[in-house]
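Read through the structure below, which is laid out as structure tokens, and then see the notes.
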Amino acid sequence: MALRRLVNGYQVTQAIHVAATLGIADLLRDGPRDSEDLAAQTSTHAPSLHRVLRALGAVGVLHEDDDGRFALTDVGECLRSDAAEPVGGWAVYVGLPSHFAAWANLLHTVRTGENAFRSVHGSTVWEYRARHPEDGRSFDQAMTDITQRANQHLLEAYDFGRFGTVVDIGGGHGALLAAVLAAHPRVRGVVFDQPHVVAGAPAVLEAAGVADRCEAVGGSFFDAVPTGADAYVLKAILHDWDDEDAVRILDSCRGAIAPDGALLVVERELGGPNQNPDGKLSDLNMMVGPGGRERTREEFAELLAAGGFALQRAVPMAIGLSVFEARPA
């Protein structure tokens, strides 16, 4: 039975994806509603929607009342767009056909070593999202949600207040820097990402009330990154890339950072044998998607050394991530 539940996990994934895409959790924010009402609000087929909702009730995401109305459980609350630690954006993204198709070709990667996403779609994940803006927006929202979840734990684990200017490399819409600057009024920031991605940052920074202390800059971290800061953050960036490309990113940071600056790599540790399933499964996600990998602490130290940095310490966070603090070697 335990194995069967694991094998059928994709069914739960897709049911949650449907509910997240339709915004069911936000519609249930004010209390229980029946499937007919929810179908009218979402322009969906009521009997089919009911079957999805009752399945989610069976796995604890929703609760089905005796009168056929559905309500959010504590687990389901995390699908709300205003949740303190939102999961809805990730649920939308991982159920997309483009992402699901890559995972469906995991066996091809194991047999050949070829990246599954590229073998299915004929391009990298980055090229695909640039050509398919809707998928790109879903990915950006997923990353914003993940960052929002991690921000509180990051700020509790690491003191950014000692820096004057922080640059978030590959910072997306600026959710991380918005939290850092809000917590530390004397700190200034730069969010750096591809031009079409970082275009979404001003709205996030404005909403957080920190736009006057943060600049949004477009570019490629393979070419160069903004100079003049005393701290550079790479959150969930290096795991997207193989070692060769990761070193290229580190080289760009090495060329920009001051001699006494700090490089902060925020990633999860892979973990030892029979440990950390989140890390091991994320490693598979990197393999079939962008083509990168998760790494052990020792592998991070070696990678940083190849990019001209010396690992100083690793600061663990409560949600399985760590801050790897490095200095120019």
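So which residues in the stretch 140-159 are within 16 Å of residue 315 (Cα to Cα) and crowded, with 19+ Cβ neighbours inside 10 Å, if there are any at all?
Step one: filter the stretch 140-159 for residues within 16 Å of residue 315 (Cα to Cα), giving 150-159.
Of everything in the stretch 140-159, those that are within 16 Å of residue 315 (Cα to Cα) and crowded, with 19+ Cβ neighbours inside 10 Å turn out to be 150, 151, 154.
If we keep just the residues of the stretch 301-329 that are closer than 30 Å to residue 98 by Cα and out of contact with any His (no Cβ under 9 Å at 6 or more places or on another chain), which is modelled with the highest pLDDT?
So the first thing to find is which residues in the stretch 301-329 are closer than 30 Å to residue 98 by Cα, and the list is 319-322.
Then drop every residue that is not out of contact with any His (no Cβ under 9 Å at 6 or more places or on another chain), which leaves 320, 322.
On the way: 320: 89, 322: 96.
The selected residue is 322.
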Within the stretch 281-320, which residues are in contact with a strand residue (DSSP E or B) (Cβ under 8 Å, 6 or more places away or on another chain), free of Cβ contacts under 8 Å to residues at least 60 places away in the same chain and not hydrophobic (A, V, I, L, M, F, W, C)? 282, 294, 295, 296, 297, 308, 312, 313, 320
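Name every residue in the stretch 176-198 that is of a type in the set (Gly, Ala, Ser), surrounded by fewer than 24 Cβ atoms within 10 Å (Cβ to Cβ) and within 18 Å of the chain's Cα centre (by Cα), in order of residue number.
If we filter the stretch 176-198 for residues that are of a type in the set (Gly, Ala, Ser), which is where we start, we get 178-179, 182-183, 189.
Narrowing further to those that are surrounded by fewer than 24 Cβ atoms within 10 Å (Cβ to Cβ): 179, 182-183.
Scanning the stretch 176-198 gives a single hit, 179.
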Can you pull out the residues in the stretch 107-139 that are within 28 Å of residue 82 (Cβ to Cβ), surrounded by 20 or more Cβ atoms within 10 Å (Cβ to Cβ) and not aromatic (Phe, Trp, Tyr)? 129, 138
From the list 135, 140, 67, which one is under 26 Å from residue 25 (Cα atoms) and either β-branched (Val, Ile, Thr) or assigned to a loop (DSSP other than H, G, I, E, B) (or both)? 67
Which residues, counting only those in the stretch 257-290, are assigned to a helix (DSSP H, G or I), among the hydrophobic types (A, V, I, L, M, F, W, C) and either surrounded by fewer than 20 Cβ atoms within 10 Å (Cβ to Cβ) or in contact with a Cys (Cβ under 6 Å, 6 or more places away or on another chain) (or both)? 281, 284, 286
Is there a residue being surrounded by fewer than 18 Cβ atoms within 10 Å (Cβ to Cβ), β-branched (Val, Ile, Thr) and not in a loop (DSSP other than H, G, I, E, B) anywhere in the stretch 214-237? yes
Determine which single condition residue 162 fails, assuming it passes every other condition in (1) within 16 Å of residue 89 (Cβ to Cβ); (2) surrounded by fewer than 19 Cβ atoms within 10 Å (Cβ to Cβ); (3) not aliphatic (A, V, I, L, M). (1)
Considering 268, 248, which residue is within 30 Å of residue 111 (Cβ to Cβ) and touching a helix residue (DSSP H, G or I) at 6+ places or on another chain (Cβ under 7 Å)? 268
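Could you tell me which residue of the stretch 70-106 is surrounded by the most Cβ atoms within 10 Å (Cβ to Cβ), considering only residues that are of a type in the set (Val, Ile, Thr) and assigned to a helix (DSSP H, G or I)?
Step one: filter the stretch 70-106 for residues of a type in the set (Val, Ile, Thr), giving 73, 75, 87, 92, 94.
This time we only want the ones that are assigned to a helix (DSSP H, G or I), so: 92, 94.
Values: 92: 24, 94: 18.
The qualifying residue surrounded by the most Cβ atoms within 10 Å (Cβ to Cβ) is 92.
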Among the residues of the stretch 308-320, how many are surrounded by 20 or more Cβ atoms within 10 Å (Cβ to Cβ) and not aromatic (Phe, Trp, Tyr)? 1
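The values are calculated or read from the model by the stated rules, or taken from the named source; none is laboratory data. As the structure is a computational prediction, the values presented were derived from the model and not from experiment. In this analysis, Cβ positions are derived from the backbone assuming ideal geometry, glycine residues included, and neighbour counts consider all displayed protein chains.
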